[in-house]
Every structure is written in C-alpha cells, then in structure tokens.
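The next block holds one structure in the form of structure tokens; read it before the comments.
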Amino acid sequence: MRRILMIATGGTIASTEDGSGLAPTMTGRELARQVPLLDTLCELDFVQPMNIDSTNMRPRDWLEIARTIRGAYDAYDGFVILHGTDTMAYTAAALSYLIQDSEKPIVLTGSQQPMANPFTDAKLNIYHSVLYACDDDSRDVNVVFGGKVICGTRAHKQRTMSFNAFTSMNYPSVAYIRGDRIVRPAGTPLARKTGAAPRFYEDLNERVIVIKLTPELRPSIFDLLRRDYDAVILETFGIGGIPAYDGSYQEAIFDWVDSGRTLVVTTQVPEEGLDLGVYEVGHAYAEKEGILKGDDMSTEALVAKTMWALGQVHDPIEVARLFYAPINHDRVTR
Ligand code: ASP
C-alpha cells in the first residue's frame, strides 16, 4: 500500500471559532479522521511543522516545509500539505522552485469552509488530494482544490468564498477529479519515473517586493525601496505600459537596474501576459539589458522565482539565466 505523509500547516481547514474569529486549532491527524475512505487509499503519517493562518506564512516557513519533505522523501510515495488558501499559491510556487523535478507528487490543499462546518469542502479536497498523491501518473508540485489539479506555479486564488477558489493562470489545469477518477486531458504527457532524486534548494532572498502601477504613482518610490529590497516586480498597465509623460519613470527604473538590482516587469491584467514591444510606452524597457520579463507567469510565481534565483546567485546574468529557465511549467518556452 502507498505511504503518504500529510504535512498540516493550518488554514481555514483546521480552524475553529472561539469568539475572536476563525483560527487554526485542529491537527492534521484530527482532520484526516473526519474524511471517509482515506484508509482504503493509503497508509497516512502526519507531521505538523506549524498551525497558522496562511496570512502568517513566510519564506522561512516555505523552507521548513521543503526541509520536512526532504527529510522524509525516501520513506514516502507522496506528500499532501494542508494549507490556508490565502497564500497557498505563493507556497505552491515556492515549493516548485525549492523541490525541482520531483517524481513523487507534492500536493497542496485546504478549504474555504472549516472542517467543523457541516457544509465544508474540506473532506472532498483532502480525499481528492490523497487520491491524486497516490496515483502513478502524478508528480511534481500541484494544488488540488475544488476538483481541479493546478500546476504549483500557475495557481491563483481568484475567489474569497466559492469552493471553486483557484484558477490556473495562463495554463490549462493539469487534471480534473471526478468522483474517484483522475481525468487527465488528452495529450498530457504521463509521468516518466526513473527513480531519480529531485533537486532540493535551501536558500531564498526575501528582499523582493511587488509594485502595482496606479495613475500618478511617484517614481521616487524606487529610491525609498533601495534600503530594504533587492528586487522589484513591477505590475505595469495592460500588455506592458509604463507612464512616459516626463521621463522620470524611465530614469528611476534604469537607475535601479544599473545599480545591479533586479527588476521584473509583468502586467497587472490577470490573463494572457506581457509584451513590452507592442506600445511606445513599453518599448524602451523591452531592449534594456537587465530588465527581466515576466511574460505569462503569475505574480505569485514571479515572487517565488525571484526570491529563489536571488537566493542562489548574485550576478545579473546568472539571475537572468535561472529566471528564464522554465520550471514546473511556470512559463511558456519561446
Ligand atoms: N485565512 C485562511 C488562511 O489562509 C483562509 C483559508 O484557509 O481559506 O489560512
């Protein structure tokens, strides 16, 4: 029988109400006990590295989850992480970079309603996640939620209340779960398993910030950020517009890049990605050496990948090399 390690970290799924708002109190073992038929799928073990609202999840916690998986990797066939939904997409992306080419599935799930709610989505999400983690054709980091399997670098929390909380950004869902069946879309390559070990990484640089352009945002923001940040992910307008009325943005952005810091350009439009070459208001940035283009990547994946790349290397050319190499389907190859 398969052996799966359940790594419980908190979130709504584990939360109960004590009069001051929902907060996680239940353990992974207590949660699994509420889900019928799990024992027909696998043998489950449990670890609980933390029990927190995912609002409080930080890069150091991603590293701890990755270390937990690394320590248990050989002993298990797959891993299911119970996690709050609010920052699940960031953790899924971070784990995609911290644990690369894992032939064993690493699944993140949670729920919109606590297990204690009679109408909860928690039971089915846990069942589906364990089912997916037990399947021969599953591998790498994915989010399993609301009957969908979404690549760990493509998940985005789109809805605050519906059970269908997550969308796959600019990339198809990897699979769907219908009852007891995993439906993989035609053409999905089946997992080739060779017994190779994944690549684990242990360093992240947390000094990464996302700035969303809004009308009249002052370019002097870049000066203010120098003390605390090494990288800015700039969410531009549309397919890649940056205000050009007086040249001050270009000056601030070029100064930032020329000082050896990292600038990633993306779009604040949720779907279809960036192309700086289309409009005059983006053109100058398309050719500027040192500016990294987010293309079709999600902002969550950009944050995690930038932290990971800057945790490995410093030279801007090396950072770009790591940034542009596709990992866990995070970007389309051009
Ligand atoms: N605030 C909760 C969390 O992210 C929300 C949830 O799990 O749905 O931990």
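The values are calculated or read from the model by the stated rules, or taken from the named source; none is laboratory data. Model, not experiment: these values are computed from the prediction. As a convention, Cβ positions derive from the backbone with ideal geometry for all residues, glycine included, and neighbour counts pool all protein chains shown.
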> Which residues, counting only those in region 44-102, are over 18 Å from ARG199 (Cβ atoms), small (Gly, Ala, Ser) and within 14 Å of the ligand (Cβ to nearest atom)?
Replying inline: SER54, GLY84, ALA89
> Just wondering, is there one or more residues in region 41-54 that are loosely packed, with under 15 Cβ neighbours inside 10 Å and within 23 Å of GLN100 (Cβ to Cβ)?
Replying inline: no
>> Can you find a residue that is farther than 19 Å from ARG218 by Cα and modelled with pLDDT under 95 anywhere in region 289-310?
In response: yes
>> Quick check on my filter: what residues within region 1-40 are touching a strand residue (DSSP E or B) at 6+ places or on another chain (Cβ under 7 Å), among the hydroxyl-bearing types (Ser, Thr, Tyr) and away from the ligand (no atom under 14 Å from the Cβ)?
In response: THR27
>> Looking only at strands (runs of 3 or more DSSP E) that lie completely in region 85-197, which have at least 2 residues being under 29 Å from ARG70 (Cβ atoms) and touching a residue at least 24 places away in the same chain (Cβ under 8 Å)?
In response: 106-109, 141-145, 148-151, 155-157, 175-178
> Going by the structure shown, is PHE79 surrounded by 21 or more Cβ atoms within 10 Å (Cβ to Cβ) and in a strand (DSSP E or B)?
Replying inline: yes
